[in-house]
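The structure under discussion appears below in the form of structure tokens.
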Number of protein chains: 2
Amino acid sequence: MGRDGHSALKAKTKNISIVLYKPKYAGNIGSVARAAKNMGIGNIVVVGQADYDREAMEQRSTHLAADVLDQIRYVSSIDEALHDFQYIVGTTSRMGKARGPFLSPRVVADRIADLSQKNKVALLFGPEDKGLANEQLRFCHAVVTIPTSREFKSLNLSHAVMIVCYEIFTASSAAASPTEASPKLALSSELEGMYAQIRTLLADIGFLNPENPEYWMTDLRRFFSRGGLLSREVKIIRGISRKIQWSIKNKKT
Amino acid sequence: MGRDGHSALKAKTKNISIVLYKPKYAGNIGSVARAAKNMGIGNIVVVGQADYDREAMEQRSTHLAADVLDQIRYVSSIDEALHDFQYIVGTTSRMGKARGPFLSPRVVADRIADLSQKNKVALLFGPEDKGLANEQLRFCHAVVTIPTSREFKSLNLSHAVMIVCYEIFTASSAAASPTEASPKLALSSELEGMYAQIRTLLADIGFLNPENPEYWMTDLRRFFSRGGLLSREVKIIRGISRKIQWSIKNKKT
């Protein structure tokens, strides 16, 4: 890759962040920082406490990736972590837990190499013991499952991060020549506003089961996020919803 | 992957061994054991001393990969480690040191997925600080270089092992299994029925410009078709539309 190719690569990976949801071990955060920097990713967000043992982190990051540790953004909630991202990819090893589609790291990496040219992308990883729950997965536009042997599926957190980052690095290097513009997607905060409005509307018309209002919402989230919604499209959907709500309240008889 | 595909995969990976040349840290051996087992590889050979701290190893392997630790073969020389392998792949991050050709993990993995059906394959990794020297690289049939950012090339030993094993696992799975089923999308006739219903609804609520009713419909078609709608999702959208129409006509005042 020449000088220009390398600049193009850097320009892309700067839009990619790793978001660790409530990691348990400081050492793993250090290992994640090292793996991320190896693959050209410098942004890490940690959801949870901010008082992880620095020495344990640095022992694993090595001093050469200590700058990544310095720049970690610590936040207290997942909403705060994700609100200004446009494309969020969750990782899970449990296919039974969330409903699909589950993509391979390679397929997602191709997508991210493209989208990250103009969009902020978050790679979301759960805690070491339990992984991501449905409450976190519902923020995700895509869910990636790392293929493993059936006998032993549980990956170390930094190993999972490394595989995903390695695939993105490989895909971005291959695509380092500027390609045609990728679309600019809606922010997570715009999407959440739209989903809240749709949920209110569906509750008003009695479509949602009050016992389990998220049941249909999960389906809606899945197909809206599969293709990626543009800002303009979110506005159209909200406009339609508003008009429907108005029509229900102001019916001419 | 079906039962047969999985058996085919196991048959291949049993011929693959990871050979660690003089690793310095017991913890890294544990992490390597975990990564290897995740990717279906159970054979590890360590060249060097045999008295690594078991507790440090097991802390990183987790007890679920402790069986891999039990089966490690410790040998005192590289000749002893490699003598009964048919294909040996070395890993290095330093292109200047050995003479090429340097292959990517993906290219080597394809080769190994094929060769390991009938040959014993060794993946050779050097010590954490210095990597493999020419004295070890001369045993190798191929040398693989893991691509990294220019800013920080030094990979953790277990991360390097994970990337190579992951590529082999992916290549072996692709060769062993019929491709995964892609989702079944809605028929064009189902989609057209849905669009007709949506257009009626939007006309009823006054959202469409009677002069140019297709204006907004084109936007809707574009984002619904971008991700590809499933049959089930078309039914959900039609159910919601029906319920909205009912609510508008039967508003309680």
- For B:Arg199, state whether it is at pLDDT 85 or above, charged (D, E, K, R) and surrounded by 12 or more Cβ atoms within 10 Å (Cβ to Cβ). yes
- So A:Pro210, is it in a loop (DSSP other than H, G, I, E, B) and either touching a Gly at 6+ places or on another chain (Cβ under 7 Å) or within 10 Å of chain B (Cβ to nearest Cβ) (or both): no
- Query: For residues in segment B:244-253 being facing chain A (nearest Cβ under 8 Å) and surrounded by 15 or more Cβ atoms within 10 Å (Cβ to Cβ), which is modelled with the highest pLDDT?
  - Reply: B:Ile244
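Could you pull out the residue among B:Ala122, B:Ala65 that is of a type in the set (A, V, I, L, M) and either in a helix (DSSP H, G or I) or loosely packed, with under 13 Cβ neighbours inside 10 Å (or both)?
It is B:Ala65.
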- So, in segment A:213-234, of the ones that are more than 10 Å from chain B (Cβ to nearest Cβ) and not polar (S, T, N, Q), which residue ends up nearest to B:Glu214 (Cα to Cα)? A:Arg221
- Message: On the basis of being in a helix (DSSP H, G or I) and touching a residue at least 12 places away in the same chain (Cβ under 8 Å), does B:Asp129 make the cut?
- Response: no
- Message: Name the single residue that is modelled with the lowest pLDDT among those in segment B:76-115 being among the small types (Gly, Ala, Ser) and surrounded by fewer than 21 Cβ atoms within 10 Å (Cβ to Cβ).
- Response: B:Ala98
- Task: Assess whether B:Ile168 counts as being surrounded by 20 or more Cβ atoms within 10 Å (Cβ to Cβ) and not charged (D, E, K, R).
- Result: yes
- Search segment B:25-51 for residues being more than 10 Å from chain A (Cβ to nearest Cβ) and among the polar types (S, T, N, Q), and hand back the single one that is surrounded by the fewest Cβ atoms within 10 Å (Cβ to Cβ). B:Gln49
- Could you please give the count of residues in segment B:134-154 that are touching a residue at least 60 places away in the same chain (Cβ under 8 Å) and either part of a loop (DSSP other than H, G, I, E, B) or farther than 13 Å from B:Leu124 by Cα (or both)? 3
- Query: Can you spot a residue in segment B:229-237 that is in contact with a Ser or Thr (Cβ under 9 Å, 6 or more places away or on another chain), assigned to a helix (DSSP H, G or I), surrounded by 12 or more Cβ atoms within 10 Å (Cβ to Cβ) and modelled with pLDDT under 90?
  - Reply: no
- Message: Based on this model, can you work out whether B:Asn134 counts as more than 11 Å from chain A (Cβ to nearest Cβ), surrounded by fewer than 20 Cβ atoms within 10 Å (Cβ to Cβ), within 30 Å of A:Gln59 (Cα to Cα) and modelled with pLDDT under 90?
- Response: yes
- Task: Go through segment B:168-196 and give me each residue that's closer than 17 Å to B:Arg242 by Cα and either modelled with pLDDT under 75 or under 36 Å from the mean Cα position of the chain (by Cα) (or both).
- Result: B:Glu190, B:Leu191
- Message: As an exercise: evaluate B:Ile72 against (1) among the β-branched types (Val, Ile, Thr); (2) crowded, with 16+ Cβ neighbours inside 10 Å; (3) within 14 Å of chain A (Cβ to nearest Cβ) and give the number of the one condition it does not meet.
- Response: (3)
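The values are calculated or read from the model by the stated rules, or taken from the named source; none is laboratory data. Keep in mind that this is a model prediction, so the values were computed, not measured. Quick reminder, even Gly has a Cβ in these numbers, built from the backbone with ideal geometry, and neighbours come from all protein chains shown.
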